[in-house]
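*Asks:* Just dropping this structure here.
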Amino acid sequence: MEKWDVIVIGGGPAGSQAAYECASRGMRTLLVDRNRFPREKPCGGGVSLAAENLLGECLPARVAEVRCRLLRTVHRGWKRELDYPHPFLASVRRTIFDQCLVERAIAAGAEVRDGLEAEWIDARAGHTQIQLRTTDPSPPQRENGATGRMEVRRPAQTSSCVATIVADGVAGRVSRALRGRWRPGALALCYTAEAEWDGHADDPYRQEGIEVHYAFVPMGYGWLFPKRNSIYAGLGAHLPAAGGLRHAFTEFARLNRLRFCSPVRTALVPVGGVALKVAGDGWLLAGDAAGLADPFSGEGIRYALGSGRLAGQALAACLEQGMPPTAAALAAYSRSLRTAFGTHLALARLMFTLLHRFPRALLAIYFRHDEPFRRTLDILAGRAAYADLLRWILPRLPLLALVGPAPPTGAGRHPTS
């Protein structure tokens, strides 16, 4: 039986960051993922400046295809455009971004095996057993360039570790067994696809800006993120309101004159804030598996990277102090997670609630002023928090409770109207 200090389940941003953190601290680290890298991920591919800062290094040009500094928002034919002082978001392809993070973990000393799925977990403090099975009957071996070796081979029937970090996503089998079912209303559904567009070739907002579209679906919004030679389109809605989402996505593409050049994919996104249970005897949850995504903006990569780092630090602290990773010892991770993100995500949830209980009033505030959009971009850039945005919005909300979102002076009709 193979023995490790830590086995990380899931090779997305949370898992790769956790594996990097653990390996950097000298822990024998195995990272497994059920898919093969590079692999597709249903996602708009937006890495906020706040998320990039958590990496401690700038994304290379091969990963950050477009640096976005422009924002266009659209609601029922009216638009508002904002030129931010500096890029607030890097537009990436998840195949390349996730591969980059995996290679970073390998360079730090982690061993990575893809095509392996965790079937069950027997979690105990200091001695956790995980059964893995191959998802490919005859996996090849390959070299991973100068950054290290990604070894793909048949594993032992069972592997053991001191503890495991579970980052297998919102619908992961292992995290669901440890965490339990999601609470009602804690998920959103998204449709995404890569597309080309007819016209607007000289539109700067289709070259270095993002677009956000409201009113296509209740309790949701659409987005357009530019890549080097294409655009990623998406439409998401709170799961209870997602009944007509597939048809709405087709209409969204038609009105924006998009031609899909990839299959349409779906994904679930947590919108309920930090999960109630994120640690136990011998295990920690990170990323989407821990409920960590922004309910208002939909951003998840920032919280995946942050939670992966905190999970690795918490586990390393236990081992360095000679403490078994019991639920009590790992409660420090729960506290640090809530300190770092709990209030922020709770206020994001409040913004989400305000938007869908008082859509006319809140959209009126947004589309009459640049300031709320600018403050929202400050959040993505890591320069402000939702508390700052709410302090500006809440005094204005009662005055506009019965008012629709009138266009400001100089606002024009959107070309898709």
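*Asks:* Return the residues of the stretch 350-386 that are basic (Lys, Arg) and under 27 Å from Pro87 (Cβ atoms); say none if nothing qualifies.
*Replies:* Answer for the stretch 350-386, where residues must be basic (Lys, Arg) and under 27 Å from Pro87 (Cβ atoms): Arg368, Arg374, Arg375, Arg383.
*Asks:* Just wondering, is there one or more residues in the stretch 195-213 that are touching an Asp or Glu at 6+ places or on another chain (Cβ under 9 Å) and in a loop (DSSP other than H, G, I, E, B)?
*Replies:* no
*Asks:* Among the residues of the stretch 41-51, is any over 21 Å from the mean Cα position of the chain (by Cα) and open to solvent by 10 Å² or more (accessible area, probe 1.4 Å)? Before the answer, list the steps.
*Replies:* As a first pass, look at the stretch 41-51 and keep what is over 21 Å from the mean Cα position of the chain (by Cα): none.
No; the residues of the stretch 41-51 include none that is over 21 Å from the mean Cα position of the chain (by Cα) and open to solvent by 10 Å² or more (accessible area, probe 1.4 Å).
*Asks:* Sticking with this structure for a sec: Out of Leu315, Leu319, which single residue is assigned to a helix (DSSP H, G or I) and either surrounded by 20 or more Cβ atoms within 10 Å (Cβ to Cβ) or of a type in the set (Phe, Trp, Tyr) (or both)?
*Replies:* The match here is Leu315.
*Asks:* Scan the stretch 53-85 for residues that are open to solvent by 30 Å² or more (accessible area, probe 1.4 Å), more than 19 Å from Ile301 (Cβ to Cβ) and not in a strand (DSSP E or B) and report the count.
*Replies:* So the answer is 2.
*Asks:* Right, here's the next one. Quick one: in the stretch 206-239, which of the residues that are closer than 14 Å to Arg67 by Cβ and crowded, with 19+ Cβ neighbours inside 10 Å is nearest to the chain's Cα centre (by Cα)?
*Replies:* Phe225
*Asks:* Picking from Ala293, Ala286, Ala253, which residue would you name as being aliphatic (A, V, I, L, M), open to solvent by less than 20 Å² (accessible area, probe 1.4 Å) and modelled with pLDDT of 95 or more?
*Replies:* It is Ala286.
*Asks:* Of everything in the stretch 102-125, what is of a type in the set (A, V, I, L, M, F, W, C), open to solvent by 10 Å² or more (accessible area, probe 1.4 Å) and at pLDDT 95 or above? Give them in sequence order.
*Replies:* Ile106, Ala107, Ala108
*Asks:* May I pose another question? In the stretch 300-312, is there at least one residue being free of Cβ contacts under 8 Å to residues at least 12 places away in the same chain, of a type outside the set (Lys, Arg), out of contact with any strand residue (DSSP E or B) (no Cβ under 6 Å at 6 or more places or on another chain) and open to solvent by 20 Å² or more (accessible area, probe 1.4 Å)?
*Replies:* No, the conditions are met nowhere in the stretch 300-312.
*Asks:* Here's another thing I want to ask about it. Could you count how many residues in the stretch 1-32 are open to solvent by 20 Å² or more (accessible area, probe 1.4 Å) and either more than 16 Å from Leu315 (Cβ to Cβ) or part of a helix (DSSP H, G or I) (or both)?
*Replies:* Residues meeting the conditions: 5.
*Asks:* From the list Val66, Val32, Val102, which one is in contact (Cβ under 8 Å) with a residue 24 or more places away in the chain and in contact with a Pro (Cβ under 6 Å, 6 or more places away or on another chain)?
*Replies:* Val66
*Asks:* For the stretch 322-345, name all the residues that are in a helix (DSSP H, G or I) and open to solvent by 60 Å² or more (accessible area, probe 1.4 Å).
*Replies:* Ala328, Arg335, Arg338, Thr339, Thr343
The values are calculated or read from the model by the stated rules, or taken from the named source; none is laboratory data. On a predicted model such as this, the values are computed, not experimentally measured, just so you know. Heads up, the Cβs are rebuilt from the backbone with ideal geometry, glycines too, and the neighbour counts pull from every protein chain shown. The accessibility values were calculated without ligands, DNA or RNA, using every heavy atom of the protein model including side chains. Shrake-Rupley method; radii C 1.70, N 1.55, O 1.52, S 1.80 Å.
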